[in-house]
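A.B. asks: Pasting a structure below so you can have a look.
The values are calculated or read from the model by the stated rules, or taken from the named source; none is laboratory data. Keep in mind it's a predicted model, so treat the numbers as computed, not measured. Here the Cβ positions follow ideal geometry from the backbone for every residue, glycine too, while neighbour counts run over all protein chains shown. Note: areas computed on protein heavy atoms with side chains; ligands, DNA, RNA excluded. Shrake-Rupley method; radii C 1.70, N 1.55, O 1.52, S 1.80 Å.
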Amino acid sequence: MHRIRVLVLLCLSGLLLAAPAAQSASPGLVVSQVYAGGGNSGATYANDYVELFNRGTAAVDLSGWTVQYATASGTSWQATALAGSVAPGRYYLVQLASGGTSGAALPAPDATGTTNLAASGGKVALVHDTAALTCGATAGSCSASPLVTDLLGYGSATDYEGTGPAAALGNTTAALRAGDGCVDTDVNSADFAAASPAPRNSASPATTCGGAPPPPGSGVSQGAAVDVQIEPVLTIALERPSVSFGSVAAGATPAAVSERVTVTSNNGTGYALSVHRSAFAPADLPLGLSGSAPSGGQLGGALAGGATAPIPIAPVADLLVGTTAAPSAAAGDVWPTNIGFTSPVPAVPSGHYTATVTYTVIGR
């Protein structure tokens, strides 16, 4: 029976630190302008638009964010995906649909969509999600969602922030947030006024909001260090626990028998796989080995080119099967070896001959 000897001369440890929490919806990012007359007769601009502004002190990553619109009394929302980020004090322009051919072109938009806004009334939401909202039938219904970062109801809108919606819009008027976007009291009727549209994009000059920075959102956070000791892994598994050549006549060379060796190791610098044997009893026989290397492995020199090399008898140094310079594959590295004879069986007395082959793996 084969004996497997695993020698481990290494120590491996790992430290896992607590990962930073994913960025939550920032109270600093708000809707700063909405224009709904794009392209209409006498319109100032050819497209509707929504302008965003970062009134906070940290950049906001817009991955997974949307600007959404619903009609004044509707609960079916159309979403426009956002991308990129908004630095503190910067604007972000979302170009939407056009109702005709009148009006000037907008500044270069930072995002585009196909939603057509109604000037008489509607709802615009800034949402930290891609799924369409289903709220909006009553005042406060959308603001109750933690994914809705900001909401503007204007004109005849049934949902809005605070005590009332902002004023209705027109072909030459937009809803503009006070203070160049800095004022946010969560009351649409107080924060927005109908004025001439003045769209700004990410290339526009930054605006600094006076006074103290916006207060943090409700809730507190506390970090905890996490560590774990990763133990070394170095194992061998053989294809078969014993190899038999059956009955053999002197002068014959039996066919080699496969003995696939699977090595599993998490040693960062790899390992070395070798083999030796004991002498056959009652008399020795010329036992040998051939093999090939798995992906990422280097075959030992004596086995190059498909050669069959004699398996040395201890205490003679082992035959090197091969080496690696990296950890094994997740399921282990499979080394295909074949145990056979290097020459015909000599004329020895009849009887049952046995020996032991030992594979050894050592971390490098």
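A.B. asks: Exactly one of (1) surrounded by 14 or more Cβ atoms within 10 Å (Cβ to Cβ); (2) free of Cβ contacts under 8 Å to residues at least 40 places away in the same chain; (3) within 47 Å of the chain's Cα centre (by Cα) is unmet by G301. Its number?
C.D. replies: (1)
A.B. asks: Give me the residue from the stretch 62-77 that is open to solvent by less than 60 Å² (accessible area, probe 1.4 Å) and assigned to a strand (DSSP E or B) and, out of that set, farthest from H128 (Cα to Cα).
C.D. replies: This residue is A70.
A.B. asks: With the stretch 78-196 as the region, which strands (runs of 3 or more DSSP E) entirely inside it contain at least 2 residues that are within 23 Å of N54 (Cβ to Cβ) and open to solvent by less than 40 Å² (accessible area, probe 1.4 Å)?
C.D. replies: On the way: elements: 78-81, 91-95, 121-127, 148-155, 174-177, 192-195.
Fully inside the stretch 78-196 and qualifying: 91-95, 121-127, 148-155, 174-177, 192-195.
A.B. asks: In the stretch 259-275, how many residues are open to solvent by 30 Å² or more (accessible area, probe 1.4 Å) and either under 8 Å from P327 (Cα atoms) or not basic (K, R) (or both)?
C.D. replies: If we filter the stretch 259-275 for residues that are open to solvent by 30 Å² or more (accessible area, probe 1.4 Å), which is where we start, we get 260, 262, 264, 266, 268-269.
So of that shortlist, the ones also either under 8 Å from P327 (Cα atoms) or not basic (K, R) (or both) come out as 262, 264, 266, 268-269.
Here the count works out to 5.
A.B. asks: Just wondering, is there one or more residues in the stretch 216-224 that are under 28 Å from D110 (Cβ atoms) and of a type outside the set (V, I, T)?
C.D. replies: Yes, the conditions are met somewhere in the stretch 216-224.
A.B. asks: Still on this structure, I have one more. Hey, could you check the stretch 45-61 for residues that are part of a loop (DSSP other than H, G, I, E, B) and surrounded by fewer than 21 Cβ atoms within 10 Å (Cβ to Cβ) and say which is nearest to the chain's Cα centre (by Cα)?
C.D. replies: Just the residues of the stretch 45-61 that are part of a loop (DSSP other than H, G, I, E, B), to begin with: 46-48, 55-59.
From what's left, surrounded by fewer than 21 Cβ atoms within 10 Å (Cβ to Cβ): 46, 56-59.
Numbers: A46: 40, G56: 28, T57: 27, A58: 23, A59: 21 Å.
So, considering only residues that are part of a loop (DSSP other than H, G, I, E, B) and surrounded by fewer than 21 Cβ atoms within 10 Å (Cβ to Cβ), the one nearest to the chain's Cα centre (by Cα) is A59.
A.B. asks: Same structure again: Test of understanding: among S156, S145, S98, which residue is at pLDDT below 95 and over 31 Å from the mean Cα position of the chain (by Cα)? Walk me through it before giving the result.
C.D. replies: Working: S156 fails: at pLDDT below 95; S145 fails: over 31 Å from the mean Cα position of the chain (by Cα).
S98 is the lone residue from the list that is at pLDDT below 95 and over 31 Å from the mean Cα position of the chain (by Cα).
A.B. asks: Continuing with this model, one more query. Taking S24 as the residue in question, decide whether it is modelled with pLDDT of 95 or more, out of contact with any Leu (no Cβ under 8 Å at 6 or more places or on another chain) and assigned to a loop (DSSP other than H, G, I, E, B).
C.D. replies: On the way: modelled with pLDDT of 95 or more: no; out of contact with any Leu (no Cβ under 8 Å at 6 or more places or on another chain): yes; assigned to a loop (DSSP other than H, G, I, E, B): yes.
Considered against the rule, which asks whether it is modelled with pLDDT of 95 or more, out of contact with any Leu (no Cβ under 8 Å at 6 or more places or on another chain) and assigned to a loop (DSSP other than H, G, I, E, B), S24 comes out as no.
A.B. asks: Separate question: Given the criteria more than 20 Å from A70 (Cβ to Cβ), open to solvent by less than 40 Å² (accessible area, probe 1.4 Å), part of a loop (DSSP other than H, G, I, E, B) and not hydroxyl-bearing (S, T, Y), does N201 qualify? Give the derivation first.
C.D. replies: Numbers: more than 20 Å from A70 (Cβ to Cβ): yes; open to solvent by less than 40 Å² (accessible area, probe 1.4 Å): yes; part of a loop (DSSP other than H, G, I, E, B): yes; not hydroxyl-bearing (S, T, Y): yes.
For N201, the condition - more than 20 Å from A70 (Cβ to Cβ), open to solvent by less than 40 Å² (accessible area, probe 1.4 Å), part of a loop (DSSP other than H, G, I, E, B) and not hydroxyl-bearing (S, T, Y) - is met.
A.B. asks: Okay, moving on. Among the strands (runs of 3 or more DSSP E) confined wholly to the stretch 314-359, which include 1 or more residues that are open to solvent by 40 Å² or more (accessible area, probe 1.4 Å), at pLDDT 95 or above and closer than 18 Å to A304 by Cβ? Talk me through it step by step, then tell me what you get.
C.D. replies: Numbers: elements: 319-324, 333-335, 337-341.
Qualifying strands (runs of 3 or more DSSP E): 319-324, 337-341.
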